[in-house]
Amino acid sequence: MLRQVLLGVSRSPKIKKAVSSLPVSSGIVARFVAGERADQAVLSTEKLVSDGLFVTLDHLGEDVTELADATATTDAYLELLRQLSEAGLTQQAEVSVKLSAVGQALPGDGEKIALENARTICHAARNAGTTVTLDMEDHTTTDSTLEILRELRQDFPETGAVLQAYLRRTEADCRDLAHAGSRVRLCKGAYKEPESVAFQNKAEVDKSYVRCLRILMNGAGYPMVASHDPRLIRIAGSLADRAGRHKDTFEFQMLFGIRPEEQRRLASEGHTVRVYVPYGEDWYGYLVRRLAERPANLQFFLRSLISK
Ligand code: FDA
């Protein structure tokens with residue numbers, strides 16, 4: 001309930017302006033965001049990798065409405081990939097891309113532009129020896145994102161998908177994507193969605209997550225279990241055992257700054273654990289989704305605003 005209210009209120013331009021004026025170094029922003037520049041994100045990646053973790057980096061930004069901004073985001077990914085390559089990190093670090101940041105929502109040719117920009121990023125990632133995963137945004141973009149994924153996978157079959165367990169359609173999408181070579185990140189879902197398309201309460205979302213996970217673990221693809229939920233992490237382990245999966249045939253994923261001890265514990269047990277590291281100046285939307293997930297974060301955040 002609080003989550004839905006917060007996600008709704010966050011659309012207010014006044015609130016966005018007040019929050020965006022916080023420096024990225026302020027406590028709550030720095031907890032979830034690795035910095036505003038690529039070199040800061042690469043530094044965070046180096047630290048995580050030295051602890052035995054893997055990384056996926058997200059250049060923050062979404063819902064781009066100008067072609068120039070979509071091009072700038074694409075260029076930012078090319079620069080990031082160059083820096084990761086120079087630092088020798090492309091075996092351990094890949095990138096995550098939001099299609100709305102590379103043009104998907106532009107009027108007219110938006111989908112075509114997003115596909116071409118994503119293709120450019122996939123090409124650079126492959127040249128650097130790494131991969132791309134397409135983030136999933138609100139439900140109005142799901143069909144378009146899956147269609148662009150299908151197109152990209154013709155040339156870049158290593159491109160990863162994200163599916164959201166809160167959507168009623170996701171079990172069917174899991175069946176479609178649980179084939180050999182298919183990397184699928186399963187998360188609960190972070191947007192405000194109507195009841196017609198999404199489960200609204202935690203118990204229903206969790207049950208859906210388990211059903212989806214069962215399909216992915218029993219399939220031939222590479223499941224990426226993106227959750228901090230201790231119960232779901234345990235269930236993922238048992239489903240993988242029951243499906244006869246070895247530890248190198250699936251991975252756990254968590255967000256930068258959330259349950260870091262658990263990330264290291266799972267890695268110390270021999271699991272692949274990948275941390276999603278966001279960076280960039282446009283951190284507002286990302287931060288709001290993290291605050292909405294946990295009331296305790298909100299208190300911490302309000303303290304940051306008051307002490308500004
Ligand atoms: P849940 O929210 O139930 O949290 C379980 C426990 O984790 C909490 O009790 C708490 O201990 C901890 N926790 C969770 N969130 C926290 C927070 N913000 N602060 C502090 N503690 C927290 N979503 C989406 O719609 N599209 C996408 O592309 C992605 N991509 C993505 C990648 C990766 C690697 C991850 C881990 C997550 C995403 N998400 C996402 C976000 C996802 O949908 C979801 O909103 C969050 O992961 C929170 O859900 P949990 O599964 O962690 O469970």
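Results, tabulated for the structure shown:
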item	result
Failed item in (1) surrounded by 21 or more Cβ atoms within 10 Å (Cβ to Cβ); (2) under 25 Å from Gly61 (Cβ atoms), with Ile258 passing the rest	(1)
Residue check, Tyr286 within 21 Å of Lys47 (Cα to Cα), hydroxyl-bearing (Ser, Thr, Tyr) and within 11 Å of the ligand (Cβ to nearest atom)	no
Hits in segment 189-207 (condition: under 17 Å from Gly237 (Cα atoms) and either within 11 Å of the ligand (Cβ to nearest atom) or in contact with a Ser or Thr (Cβ under 7 Å, 6 or more places away or on another chain) (or both))	Asp206
Residues being more than 10 Å from the ligand (Cβ to nearest atom) and either closer than 18 Å to Thr159 by Cα or of a type in the set (Ser, Thr, Tyr) (or both) - total across segment 209-247	7
Options Thr170, Thr133, Thr142: the member that is closer than 22 Å to Tyr77 by Cα and either crowded, with 19+ Cβ neighbours inside 10 Å or of a type in the set (S, T, N, Q) (or both)	Thr133
Among the residues listed as Asp75, Asp143, Asp63, the single one being within 25 Å of Tyr191 (Cβ to Cβ) and not in a loop (DSSP other than H, G, I, E, B)	Asp143
All positions within segment 154-176 that are within 14 Å of the ligand (Cβ to nearest atom) and not in a loop (DSSP other than H, G, I, E, B)	Gly160, Ala161, Val162, Leu163, Gln164, Leu167, Thr170, Asp173
Any chance Glu116 is among the acidic types (Asp, Glu) and over 20 Å from Glu137 (Cβ atoms)	no
From the options Leu167, Leu149, residue that is in contact (Cβ under 8 Å) with a residue 24 or more places away in the chain and hydrophobic (A, V, I, L, M, F, W, C)	Leu167
Selected residue (only one of Leu186, Leu106 is more than 16 Å from the ligand (Cβ to nearest atom), at pLDDT 95 or above and not in a helix (DSSP H, G or I))	Leu106
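Here's the yes/no breakdown for (1) surrounded by 22 or more Cβ atoms within 10 Å (Cβ to Cβ); (2) touching a residue at least 24 places away in the same chain (Cβ under 8 Å):
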{"residue": "His179", "(1), (2)": "no, yes"}
{"residue": "Val184", "(1), (2)": "yes, yes"}
{"residue": "Tyr191", "(1), (2)": "no, yes"}
{"residue": "Ser196", "(1), (2)": "no, no"}
{"residue": "Val210", "(1), (2)": "no, yes"}
{"residue": "Leu213", "(1), (2)": "yes, yes"}
{"residue": "Met217", "(1), (2)": "yes, yes"}
{"residue": "Met224", "(1), (2)": "yes, yes"}
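The values are calculated or read from the model by the stated rules, or taken from the named source; none is laboratory data. Bear in mind that the values here come from a model prediction, so they are computed numbers and not experimental data. Neighbour counts are summed over all protein chains in view; Cβ atoms, including those assigned to glycine, are modelled from backbone coordinates with ideal geometry.
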